[in-house]
Structure formats: C-alpha cells, structure tokens
C-alpha cells in the first residue's frame, strides 16, 4: 500500500511539473510572438564643425565644435494591414562647458546686455519647437511616430508624427539610404497630422493635413481681434500638402530615379500690437504657398554617385490690416476695446503696404551630390 501511495505521489508531482513546464512554454511563446513584431535599428554619428563668421566692417571670427547625433529606429507590424514606424533622436554638443559668445548680430541677450547663444537657440532646419535642437540640456526627441494602415492594396491611411524630417539630400552627408518621404527643401520640421496615399505601379499621390495648434496668450499684445470685437485666443490653423511622386528602379542609367512635386498651403494669424503706446488691432492673416519640385538619381551608371536637385517657389500673402485703438476723448470711442470708431479710423496698413492685400515671393535651389565608395566600380 505504501508503495502504491509513493508511486501516485511521484506521478502527481511529475504531472504538476510537466503542466507547469507547458504553461511556462506557452507564456514564453506568447511573449516571443508579441516581441517578434518589433524591429529595432540605430546609428550613432559624431561631427566636427569648423566655422568662420564675418560681417561687413568687422574682423572674422572662427571656431570649431563637436556634436553628437544618435538615431534609434523602430518598426512594428502587428497585422498585415497595419505598420508602426518610429524614430527617437538624441542630439547635443560634446561636453558643453559654458555658453559661447558669438556676437550681438546673431544672438539674444541674457538681460544683462551680454549676448549669448541661448541653450536652445541653435536649430537645424525647421522653425521653433518643430526642429531638432543641439542643446546643453540632454534630451531625447521623437522625430517620427506614426501608423500606416492599408485600406486597400492602393490606399494607405497614416496618422501620427509623420516622416517630414531628414529628407533628401540630408541622408547624403549622413552616408545613409533615404530616411524620409519628403525632400528637405519642401519639408524639414516635425509635423503631426494625418495623410492619405494612393499608390499604383511607379506613381503615388499623397495628401497631408498637419494643422497648427495656434495659441494667443492673455497679454495685450498677443491676442488677435475679430472685427466683431471678440478675441480669437486659440484654435487650429489648417496646413495642407498635396504631393505627386514618380519612382522608377528600372532605368538603364541609374539604380533608381525619383521625381516629386509638392504644393503646400497654410494661413497663419498675426496678433494685435502695441507700438509706442498705441494699441493696434489686428485681423491680419499670412497665407503661405509653397511649390517644390525634386529630382534624384542614385548610383548613376553604377559609379556610386547619387545626385539630387530641388526647386522651391515660395509665396507669402498678407491679408487684412492693423486698426488703431482711438483714445478716450474721441466721441464714441472706448479705449482698450475694438469699436466702430476704431474701424472708422481706418487701417494702418500691413507690413508690406497700406492695402488690404500684399505679397512677396522667393525661389530656392538645392543641389547635392554624394559618392558611395562601396558601390564604386
């Protein structure tokens, strides 16, 4: 009897251990399955910059600096229709010991009359907080984090922080393959938004909606007045992009040939102003229109030479006027409020002229050539 009990006890312990082993194995497989959708890669770059700066009538200033840039790329494909793309970056100067005095002409003041390059002033491309910063304060930035969802074989919906930085030819001086969808001369800032892409053979058409969250603070100089006397403090300001792209990797003279054309449109409001104590009500809107064309050929004639050429036509249109706040004492006028007397006083003109509309335009050209020594014959 004792032998039977011992045998049953041993069998029970073995079965329990076996069951535990199966459960652990299943858990391990589930974890491995979840992790298997992720792919990680990265690159570490260090730069030496030699600089020379000279303004008319002054002596030349020279200097050098060392910078570090780290990219961590990630990709996840949880289903056949959905893919996540992300990139984190870390950018800073080597061992920044102190601020550097670079001269009054290109710097900001710290309040004491001394001119310094502020910690977060030096940006690479883009505007404001939309661009990469080399700073004395270490920090990680999110360059892109978006999801592509395939609605059909030809239509893809995208949402998140889109791949609008490090576009061609930025990758040339990094020594990397193409790192972003949009050419640098048309896009080089971090933009969040939604996109819709149609692909067919060698052709693609993209539409992006990347609205600005535009906020006017509560101070007297940072509001914008509507003509009904109300204040517009915040809201989204539309920014649209329409892009056509042709890509052919079946040409005799290059490994790949790419042509793209891009049109951008946005309206940005300009706030109320106080000039020499005079309040000026603003209903000015700046309309920005960009048109860019980009050409690129890689590994031309199997020589390892890559070349890109970009053209950018910009146009800025000012619509609206600044209205004077007529002071107390004028019949019917109320100081500090937009009223009929202010409007009747007439517009003070935009920054360009005294009309309701004015515009300026410009043209940019960017040519870049690189050579990949690994592909050279």
> For 367, 280, what's the fewest-to-most ordering of other Cβ within 10 Å of each Cβ?
Replying inline: 367, 280
>> If neighbour count is taken as other Cβ atoms inside 10 Å, put 267, 143, 80 in order from fewest to most.
In response: 80, 267, 143
>> Show me the ranking of peptides 152-159, 319-326 by mean Cβ neighbours inside 10 Å, starting with the highest.
In response: 319-326, 152-159
>> I need to check one value: relative contact order of region 236-311, counting alpha carbon pairs closer than 8 Å and at least 6 residues apart, in percent.
In response: 30
> According to a simple spin-label model (label point 7 Å from Cα along Cα-to-Cβ), what is the distance in nm between residue 314 and residue 201?
Replying inline: 3.7
>> Let me see the P(r) profile for region 246-298: every Cα-Cα distance counted, bins of 10 Å, each bin given as a percent of all pairs.
In response: 20, 24, 18, 14, 12, 9, 3
> If R0 is 45 Å, what FRET efficiency do you get for residue 80 and residue 295 from their C-beta distance, rounded to 0.05?
Replying inline: 0.85
>> Suppose the chain between residue 47 and residue 25 were pulled fully straight at 0.36 nm per residue; how much longer would it get relative to their current alpha carbon spacing?
In response: 3.2 nm
> For the residue pair residue 147 and residue 261, what label-to-label distance in nm results when each label sits 7 Å from Cα along the Cα-to-beta-carbon direction?
Replying inline: 3.4
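Laboratory data are not the source of any read-out in this text; all were calculated from the coordinates shown. Note that the structure is predicted; figures quoted are calculated from it, not measured. Cβ coordinates were reconstructed from backbone atoms using ideal geometry, including for glycine residues, and neighbour counts include every protein chain displayed.
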